[in-house]
Amino acid sequence: HDLMDVTAEVPPLLPYEDFLQAFGESKRRLIIIDLLECLVPPKRGAGRREARRRGSAVLPADLLEGLKTLGRSDDTTVIITTDKSRMVLEMVAGNLPVLLAAEGSSVYRPVGTNDWVRLVEDSDLVNVEEWMEGVKTVFEYFSQRTPGSYTEQQEYQLLWCWENAQYDFGSAQAREVLIHLWAGPLVNSEAEVVVGPRDIKVRPHSCSRSQCLEKLLERELGMEQLHGVDFALCFAVVSHRDEDVFETLQHLLNDQRSFCDDGRRSRQSSFDSYHKESLETPRSTGHNSAVDQHLLLTPTGPPPPVTPGELPPPYDWIPTAQQSPFLSQGSPVPSIHLPAGSDSVCSFDRLDGHCHCYNLSLGMKKTKAQFALPQPYHVQNLIRAMSARLHRHEEEMVVTSST
């Protein structure tokens, strides 16, 4: 996790009011939520393993109603994801009008059907059988010797979970599992090992959460509909390796950034041309060489102190190094004004079609997510609040249309 310590940080708490305001003002919404990790509080302790594996977790009735309200909205797409098997996901959320994505989003079930769709091509599963049987042997060996752990085989990946094992002993066993994998069945293989907080997963490279989610969104929604989304929530509890799912979703939904970059380059070119005409460089003019050289120098001595409450300089501010020759000659300082509509920083908030994309993680820990919520019940309360806000908005629309 050394790389994670450099590239990630503990995010701030979700700005609750701003979030709900953006949600209430949106016209097309996309909601992606991990299931067991976010909606159902994690169960610990011996004897709970089989209960959780069989999907006996029950969502509160009001939470189910909230998810139904969100799923039934024509302008809202809800995707419930999990790393658990499709059987567990169907038992907990199979009756909801939402899209289900199980087993790390490698398979999904569209709304209104009972058939699961594969997102991994057969061409991406070459030589899987060569390492899968060996990995399964290692996992089962340690499952028998680690109380509270178990092996779970899915269509494309194998998991060794020790969520109900004693932490110190489970951590030590997890290190041994990794040693046996890398020294045994995964030598010279193309499999990918993903280490989670209390599990170890082995899968093909093509089964990453971000790749599968991208395929799912493009297949079910399409790029045109994705670009119409103006509010998105992605609440994911994933390993460090899979946290690129946040960046992938941001890229898909805000693809118009390329338009912003093109516009920024065009405006920058206009500004450079305007700037060149206002303040020509020493090489392009016939001014006194001493003055021209002084134009490029930085004033000596310590910088002036910043007074409390002092605001940053305006956009037309000219550095002291460029002001000094004009001041020494008694000439007025020329003002530089940006051409109309040419902000020096491109603000996506002012772009038409901008999507308010909220990436959230669970717990106060280092992550690449933008924001965090401390506990699963905070997620539940957020879903209830979104459902209530959406229900109120639909009632207002009905009243408006009737009048």
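Here are the numbers for this structure:
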read-out	value
Residue match in region 146-159 (condition: open to solvent by 80 Å² or more (accessible area, probe 1.4 Å) and among the β-branched types (Val, Ile, Thr))	no
Subset of region 103-128 [of a type in the set (D, E, K, R), out of contact with any Ser or Thr (no Cβ under 6 Å at 6 or more places or on another chain) and part of a helix (DSSP H, G or I)]	ASP122
Given (1) open to solvent by 40 Å² or more (accessible area, probe 1.4 Å); (2) among the aliphatic types (A, V, I, L, M); (3) assigned to a loop (DSSP other than H, G, I, E, B), index of the condition MET87 fails	(3)
Cβ-Cβ under 8 Å pairs, at least 6 apart or on other chains, region 7-19 side small (Gly, Ala, Ser), far side open to solvent by less than 40 Å² (accessible area, probe 1.4 Å)	ALA8/GLU243; ALA8/THR367
Residues within region 172-226 that are among the aliphatic types (A, V, I, L, M), assigned to a helix (DSSP H, G or I) and more than 19 Å from the chain's Cα centre (by Cα), tallied	7
Residues satisfying the stated conditions in region 42-84, i.e. of a type outside the set (Val, Ile, Thr), part of a loop (DSSP other than H, G, I, E, B), modelled with pLDDT under 90 and open to solvent by 70 Å² or more (accessible area, probe 1.4 Å)	ARG44, ALA46, GLY47, ARG48, ARG54
Lone unmet requirement of (1) modelled with pLDDT of 90 or more; (2) open to solvent by 20 Å² or more (accessible area, probe 1.4 Å) for GLU129	(1)
Flag for MET91 being more than 25 Å from TRP182 (Cβ to Cβ) and out of contact with any strand residue (DSSP E or B) (no Cβ under 9 Å at 6 or more places or on another chain)	yes
Neighbours by Cβ (under 7 Å, 6+ apart or cross-chain): first from region 109-137, under 25 Å from LEU217 (Cβ atoms); second part of a helix (DSSP H, G or I) and polar (S, T, N, Q)	VAL120/SER206; ASP124/SER206
Matching residues in region 146-167 - criterion: being assigned to a strand (DSSP E or B) and touching a residue at least 24 places away in the same chain (Cβ under 8 Å)	TYR150, GLU152, LEU158, LEU159, TRP160, CYS161
Qualifying residue in region 98-119 (condition: under 27 Å from TYR167 (Cα atoms), open to solvent by less than 20 Å² (accessible area, probe 1.4 Å) and of a type in the set (Ser, Thr, Tyr))	no
Check on VAL195, in contact (Cβ under 8 Å) with a residue 40 or more places away in the chain, surrounded by fewer than 22 Cβ atoms within 10 Å (Cβ to Cβ), over 30 Å from ASP75 (Cα atoms) and of a type in the set (A, V, I, L, M)	yes
Out of TYR167, TYR141, sole residue that is open to solvent by 80 Å² or more (accessible area, probe 1.4 Å), more than 30 Å from the chain's Cα centre (by Cα) and aromatic (Phe, Trp, Tyr)	TYR141
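The values are calculated or read from the model by the stated rules, or taken from the named source; none is laboratory data. Bear in mind that the values here come from a model prediction, so they are computed numbers and not experimental data. No Cβ is skipped: glycine too gets one built from the backbone with ideal geometry, and neighbour counts run over all protein chains shown. Heads up: the accessible areas ignore ligands, DNA and RNA and are worked out on the full protein's heavy atoms, side chains in. Shrake-Rupley method; radii C 1.70, N 1.55, O 1.52, S 1.80 Å.
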